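Below is one structure, written out as structure tokens; comments come after it.
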Amino acid sequence: MRTVRLLIGFEGTRYEGWQSQKKGNTVQEIFEKYLKKILKEHVNLISSSRTDSGVHALGLVAHFQTKSILPDPKIKQALNFYLPRDIVVSAAKTVASDFHARYHAKSKLYCYEIWNKATRPLFEAPFVLWMPRLLDVRLMAKGARYLVGRHDFGAFHDKGDNKKSFVRTVKRLTIKKSKGIIRIEIEADGFLRHMVRVIVGTLIDVGRKNFEPSKIQVILHSKDRSKAGPTAKAMGLTLIKVNY
């Protein structure tokens, strides 16, 4: 058996996330459908991340095993021929047989963008959260510092997460504003369900001056989801890169 690694990008607006479900249009289902057509066999495509409904990706990694001898460039070409216009394969490469897209990942980088302007976005609309009220980025950056490092992020995840431990290491969390767009980048060794979106929602509360940046530390130590802010909408979130 041969293991093939794919580098995938997609606009998540039309999809119910990555993972196959009994109901819903998912990215995994679309890939497995066309891989079966191309390779003449059913394959199980395993991804580095189970993105939620509406979340986008630029650098999602997935792998599958196949008996097919179809060359890597042909697999990439065939997939991009059949896939809808909002999904693309940037690379297809045969790798070591024991490679695992999820278990071998060392960290993941996500980006969340906020359109912080009075006028709503046009072309950017599917990829940003529009917030016309001016946010204080300086305060948000102060609050973000409390989240960097190894912590129990029990206060920053939503129900439905069946993880045994909520401890994760946030390697970096940066907030920058340019031309009215606030870009929040967060890299960690792993993420809980909606963790990035809850962090963003809480930082937005700080930016609105609903509470002081130092309260982020109190929320973190509480391990209580009810203490944190709302879950930010999925549209502003993009998986940028997976590091191995």
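Each value in this text was obtained by applying a stated rule to the coordinates, not by laboratory testing. Just so we're clear, the structure is a prediction, and the values are computed from it rather than from any experiment. For neighbour counting, all protein chains shown are included, and Cβ atoms are generated from backbone atoms with ideal geometry for every residue, glycine included.
Brief remarks follow.
- When the trypsin sites (Lys or Arg not before Pro) in the stretch 1-106 are filtered for DSSP coil states and for at most 16 other beta-carbon atoms within 10 Å of their beta-carbon, the remaining sites are 22, 23, 40, 50, 67, 85, 102, 106.
- The residue among 198, 175, 231 whose Cα reaches farthest toward the positive pole of the charge dipole of the stretch 107-243, with charges on the beta-carbon of Lys, Arg, Asp and Glu, is 175.
- Each of the GluC sites (Glu not before Pro) that DSSP puts in a loop and that has at most 16 other Cβ atoms within 10 Å breaks the chain; the longest unbroken stretch is 125-244.
- Think of the chain as a dipole: +1 on every Lys or Arg Cβ, -1 on every Asp or Glu Cβ, centred on the Cα centre; then among 122, 141, 34, 141 lies furthest on the positive end.
- Taking 103, 82, 112, 146 and counting other C-beta atoms within 10 Å, the order from fewest to most: 103, 82, 146, 112
- By the count of other C-beta atoms within 10 Å, a proxy for reagent exposure, 225, 145 are ordered fewest to most as 145, 225.
- For the stretch 2-95, the square roots of the Cα gyration tensor eigenvalues, ordered a ≥ b ≥ c, give a/c of at least 1.5 with a/b greater than b/c, which places it in the prolate category.
- Charge dipole (debye, nearest 20) of the stretch 107-243; +1 at Cβ of Lys and Arg, -1 at Cβ of Asp and Glu: 140 debye
- Karplus-derived HN-Hα couplings along the stretch 236-244 (A = 6.51, B = -1.76, C = 1.60, θ = phi - 60°), whole Hz, x at Gly and Pro: x, 9, 9, 7, 8, 7, 10, 9, 10
- The shape of the stretch 182-235 comes out oblate: with a ≥ b ≥ c from the C-alpha gyration tensor, a/c is at least 1.5 while a/b does not beat b/c.
- Burial ordering of 226, 68, fewest other beta-carbon atoms within 10 Å first: 226, 68
- Global geometry of the stretch 90-147, whether rounded, prolate or oblate, following the gyration tensor of its Cα atoms and the 1.5 cut on a/c: oblate
- Helix-derived mean residue ellipticity, 222 nm - over the chain, DSSP H n ≥ 4, -39500 (n - 2.57), to 500: -6500 deg cm²/dmol
- Computed from the Cα positions only, the extents of the chain along the three principal axes stand at 59, 41, 31 Å, in decreasing order.
- For the chain, the longest principal axis of the C-alpha atoms and the axis of helix 72-82 are separated by about 70°.
- Within straight-line cross-link reach of residue 227, lysines at Cα separation under 27 Å, skipping those fewer than 8 residues along the same chain: 108, 142, 159, 163, 164, 171, 176, 177, 209, 215
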